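Reviewing the structure listed below.
The values are calculated or read from the model by the stated rules, or taken from the named source; none is laboratory data. Since this is a predicted model, take the numbers as computed values, not measurements. FYI the Cβ positions are ideal-geometry reconstructions off the backbone, even for glycines, and counts take in every protein chain you see. Keep in mind that these areas ignore ligands, DNA and RNA; they rest on the heavy atoms of the full protein, side chains included. Shrake-Rupley method; radii C 1.70, N 1.55, O 1.52, S 1.80 Å.
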Amino acid sequence: MKKQIMLLIIAVSLGIGAAVAQGQPRMTIEERTKVVMEKIAVLKLDTVATSKTQTIIADFYNAQQKAMEEMRATGSMDREAMMAKSKELAEARDVKLKTIFTAEQFKSWVDEIEPSLRPQRMQKSN
């Protein structure tokens, strides 16, 4: 009986692990922009600043997607090149956001909001 229970627990664990490994489908640019705008709400931007920010964020995600598609089309999925391009796009986005946000708002963006938007990778256990 104990063996059967242990086998059942192992089977369920493996099933859950496989389901988690499948991941979720990627969000659209609109969905990603909406998530950012929800997190930015704590900055209490006025309507003009909110509109400009939304445009900047959407442009960033569009440019990021376009760069990824171009890399896939050429067949060179160089991780380092993609990371460098993403960093370049993020820096350009931040320069634009800096013109909209106050110093305090930009500090909140850099320290709290933007890091929370990065995909979290699962830690490998040894």
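Quick notes on this structure:
- Within the range 69-85, tally of residues that are open to solvent by less than 50 Å² (accessible area, probe 1.4 Å) and within 15 Å of Ile29 (Cβ to Cβ): 0
- A single member of Glu104, Glu70, Glu80 is on the phi < 0 side of the Ramachandran plot and under 18 Å from the mean Cα position of the chain (by Cα), and it is Glu80.
- Residues within the range 23-54 that are assigned to a helix (DSSP H, G or I), among the charged types (D, E, K, R) and within 14 Å of the chain's Cα centre (by Cα), tallied: 6
- Flag if Glu31 is more than 14 Å from Glu114 (Cβ to Cβ), modelled with pLDDT of 80 or more and not aromatic (Phe, Trp, Tyr): yes
- Val12 vs. criteria in a helix (DSSP H, G or I), farther than 19 Å from Pro115 by Cα and at pLDDT 70 or above: no
- The lone criterion from (1) at positive phi; (2) in contact with a helix residue (DSSP H, G or I) (Cβ under 6 Å, 6 or more places away or on another chain) left unmet by Lys44 is number (2).
- Gln54, sole failed condition from (1) in contact with a Ser or Thr (Cβ under 8 Å, 6 or more places away or on another chain); (2) buried (at least 16 other Cβ atoms within 10 Å of the Cβ); (3) in contact (Cβ under 8 Å) with a residue 24 or more places away in the chain: (3)
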